[in-house]
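Read through the structure below, which is laid out as structure tokens, and then see the notes.
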Amino acid sequence: MTSQTITAAASGTWKLGDRTVNRIGFGTMRLPQHGEAFAPDAVPRDRDHAINVLRRAVELGVNHIDTAAFYFSSLRCANELINRALAPYPDNLVIATKVGPGRDPSGAWLLHATPEQLRGQVEENLRQLGRDHLDVVNLRIVGTASIADRFGALAELRDAGLIRHLGLSNIRPHHLAEAQAIAPVACVQNMYGLGASPEQEKLLRLCGEQRVAFVPFYSIAGTGRTAGALADDSSTVQALARARGVSTAQVRLAWTLHRGPHVLAIPGTGDLTHLAQNVAAGSLRLSDDELAALDSFHRDDGGVHLS
């Protein structure tokens, strides 16, 4: 697979709200630093290199970028890097951000922003990205409690023109129904990949039935997750990768995209070679036999449950 010549257009397209995006996008969580995201001793990534990665992603046809104001290291902020690399933004570029978690004035982590605090987080993203509106804002959720007041607050900001589309992140199936009763949901971001739990499978299917984009994160990462470490691949995944002349990460991405036309992958990396490989995975078409072998591994892998 000559990844250098393959663009994100090879992955096909899907509607994210009213915007058409290529199904292979780019996640920026690990862009501000080397190693594990959010670790206090994370080493900031070279700024010029991070900017080059973002620009190369767009050159390769990526038009869906995932970010958050809380993606930062001691010196680097993902939103600032996006602004520096890509502004003025191409008309076809969709930038999706997340709110909910954040930092308070003392620097301590805040996991559950109040409805009032969510407006400040939206304004922070607007300021950092240099935008007068946000294409997509996902409400990041921890736990199973009602989201009505917080999602309602974001719906008001959507009505005010600060947000174009709303989404959800890290949810349970009942959260989608709760949110849909308040305002349209353009996408759902959840941890998903080979070995995902039945609950996540249900959510993926539910999104497909409602034509809501399903955006998996950590689809090629294992226990390392935020560090981007690859999962311990089975002999099935390794054998298929060798036979195709691709990496196991590309096999995992390709399998994820095969789960439905509404699935949008957002693999992240700070490495230009890995970026090209991730984009090229969108052109990898798996045969029925290959999919059956991977599906068997998927069902037998124990499952990753929602947190």
Legend entry - Residue-wise HN-Hα coupling along region 194-204, computed from phi with Karplus coefficients 6.51, -1.76, 1.60 (Hz; x: Gly, Pro): 3, x, 5, 6, x, 5, 5, 4, 4, 5, 4
Inset, instruction - Relative to the longest principal axis of the C-alpha atoms of the chain, give the angle of the C-alpha long axis of helix 47-59, reported between 0 and 90° and rounded to the nearest 10°. - result: 70
Inset, instruction - Can you tell me which of 285-294, 48-57, 71-80, 21-30 comes out highest on packing, and rank the rest after it, using the mean Cβ neighbours within 10 Å? - result: 21-30, 71-80, 48-57, 285-294
Inset, instruction - Search the structure for amide H atoms under 5 Å from the amide H of N190, placed 1.01 Å from N in the peptide plane, and list their residues when 5 or more places away or on another chain. - result: N170, V215, F217
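Can you sort W14, W109 by how many other beta carbons sit within 10 Å, fewest first?
Ascending number of Cβ neighbours within 10 Å: W109, W14.
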Legend entry - Kirkwood-type radius of the chain, with distances r between different C-alpha atoms, in Å: 19.4
Inset, instruction - Treating the angle as unsigned and between 0 and 90°, give the value, to the nearest 10°, between the Cα long axis of helix 288-300 and the longest Cα principal axis of the chain. - result: 60
Legend entry - Helix 148-159 axis, angle to the chain major axis (alpha carbon atoms, nearest 10°): 80
Legend entry - Distant-in-sequence amide H partners of A196 (H built 1.01 Å from N, under 5 Å): V304
Inset, instruction - For the chain, give the share of DSSP beta bridges that are antiparallel, in percent and rounded to the nearest 5; count only bridges with both residues there. - result: 30
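Only the coordinates and a few stated rules stand behind these numbers; no lab work does. Computed from a predicted structure; not experimentally measured. Please note: Cβ atoms are built from the backbone with ideal geometry, for glycine as well, and neighbour counts cover all protein chains shown.
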